[in-house]
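First comes the structure, then the notes that go with it.
The values are calculated or read from the model by the stated rules, or taken from the named source; none is laboratory data. Computed from a prediction, not measured in an experiment: that's the story for all the values here. Every residue, glycine as well, gets a Cβ built from its backbone with ideal geometry; the counts of neighbours run over all protein chains shown. What goes into the accessible areas is simple: the full protein's heavy atoms, side chains included, and nothing from ligands, DNA or RNA. Shrake-Rupley method; radii C 1.70, N 1.55, O 1.52, S 1.80 Å.
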Amino acid sequence: MALLGVNIDHIATLRQARREFDPDPIKAALICEKAGADSIVAHLREDRRHIIDEDVKRLKNALKIRFNLEMSIAKVIVDIACKIKPDQATLVPEKRQEITTEGGLDVVKNFIKIKRVNTILSDNGVGVSLFIDPIKKQIDKTLEAGVKIIEIHTGCFDLAKTKTAIARELKTIKAMTKYAQSLGLTVNAGHGLKYHNTKAIAEIPGMHELNIGHSIIAHAAFVGLEKAVKEMAKIVHGK
Ligand code: PXP
């Protein structure tokens, strides 16, 4: 069905708890690669709370599968991405105080800046994806900015508690996926996806890739990373 991108930020979160060397996110990324991940995602946050600059350099050199660098549109981070040249940059909004990314980029409000960052990254050979909420005007502005890939924010789907609310969020994601695809965009999705709710998103026709981190790393604490990735890959790949 879809491809699986594994976000390894929380391996680095554990390392940064002691500011030492273990566990090494690059070693983790290589286990994910071996276990069937199609890409590795890492978010170089401006506060460097988990992934640090050295990790990004090492990931770029170590991986055989695609490296997707999640990042803000701040100039310092864009400069690093242009130097490292990951296969893809996924642009996300970033707030210092947030526990995790809280919503999609507002492409309408930040249009000029996003368009400029897209040009800079594209000129440096980096593919660009925008992490956005499943809203028509955000998709339209993405297209207008010249960006070819979106990652639909699945946070509201994850947080929906009742059957009705879950069905409503899923319906919105499906409709916006179809709409974006009709405009020629590649559609990925992610955030908050878990072992129990990923299948519904992976099954959406034409869904390209799902980016999943926390639930895989949490499960890995009990069953090991290789098994945790294999189990999620089976759901996402539909095998
Ligand atoms: N996609 C994006 C754009 C994200 O910001 C994150 C969280 O870093 C993820 C996917 C992965 O989310 P989770 O850790 O909840 O699976």
Ratio of the Cα radius of gyration of the chain to 2.2 N^0.38 Å, where N counts its residues:
0.95
In terms of the Cα gyration tensor, with a ≥ b ≥ c the square roots of its eigenvalues, is the stretch 1-92 rounded because a/c is under 1.5, prolate because a/b exceeds b/c, or oblate?
oblate
What residue among Asn188, Ser215, Ile204 has its Cα farthest toward the positive end of the dipole of the stretch 154-239, where the charges are +1 on Lys, Arg and -1 on Asp, Glu, each on the Cβ?
Ile204
For the chain, report the accessible area per residue in Å² (1.4 Å probe, heavy atoms, rounded to an integer).
48 Å²
The pairs in Lys60/Lys194; Lys148/Lys199; Lys178/Lys239; Lys109/Lys137 lying past 18 Å Cα-Cα in this model are Lys60/Lys194; Lys148/Lys199; Lys178/Lys239
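Quickly estimate the mean residue ellipticity at 222 nm for the chain, helices only: each DSSP H run with n ≥ 4 gives -39500 (n - 2.57), and the total goes over all residues, rounded to 500.
-14000 deg cm²/dmol
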Rounded to the nearest whole number, the Stokes-Einstein translational diffusion coefficient of the stretch 69-143 at 20 °C and 1.002 mPa s (Kirkwood radius, C-alpha pairs) in µm²/s is 171 µm²/s
Write out the GluC sites (Glu not before Pro) in the stretch 45-128 meeting two conditions: DSSP loop, and at most 12 other Cβ atoms within 10 Å of their Cβ.
Glu98
First compute the accessible area of the stretch 116-239 with a 1.4 Å probe, then give the percent of it belonging to carbon and sulfur atoms.
60 percent
Are there any trypsin sites (Lys or Arg not before Pro) in the stretch 118-172 that are in a DSSP loop and have at most 10 other Cβ atoms within 10 Å? List them by number.
Lys161
